[in-house]
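To keep things clear, I will list the structure first and then write my remarks on it.
Each value in this text was obtained by applying a stated rule to the coordinates, not by laboratory testing. What you see is a predicted model, and the numbers here were worked out from it, not measured in a lab. Please note: Cβ atoms are built from the backbone with ideal geometry, for glycine as well, and neighbour counts cover all protein chains shown.
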Amino acid sequence: MIDWECGVLERIAAGDRSALVDLHDRLGQQVRHRVQRITDDVLATELITIGVFAKVWNAPAEFAPNGLRCSLLLLADRQAAGWTADAPRSASAL
């Protein structure tokens, strides 16, 4: 997997859009599932998942190829937890 992760990050860094598609195809469901479990909100899940992959596209050098999956899931966890902490609470939840 490390060779694949290194290759996909190199391709993303070179601006290869199909590499982002490949990354999403391989890890998108795991990221989405993780975010959904934390937020329990469909819209937040989609927005956070998009944000995670946008971060890779915009800053591929910030991700280590030997831990790309873990890095994406950690980023997803942090963003979902941040959303959950900032989400408005309904009056019934108080």
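What is the order of Ile2, Ile50, Ile12, Ile38, fewest Cβ neighbours within 10 Å to most?
Ile2, Ile50, Ile38, Ile12
Taken over the chain, the percentage of Cα pairs per 5 Å bin, counting from 0 up to the bin with the maximum distance, is 2, 15, 25, 22, 15, 10, 6, 3, 2, 1, 0. Neighbours of Val56 by Cβ distance under 14 Å: Lys/Arg scored +1, Asp/Glu scored -1, total -1. Per-residue packing, averaged as other Cβ atoms within 10 Å, sorts the ranges 72-80, 22-30, 59-67 into the order 72-80, 22-30, 59-67, beginning with the highest. Distance between the modelled labels on Asp22 and Cys6, one decimal in nanometres: 1.4 nm (7 Å Cα→Cβ projection). With the simple spin-label model, which puts each label point 7 Å out from Cα in the Cβ direction, the Trp57 to Asp86 separation comes to 2.0 nm. Here the spin labels are modelled as points 7 Å beyond Cα on the Cα-Cβ line, and at Ala13 and Arg69 they lie 2.2 nm apart.
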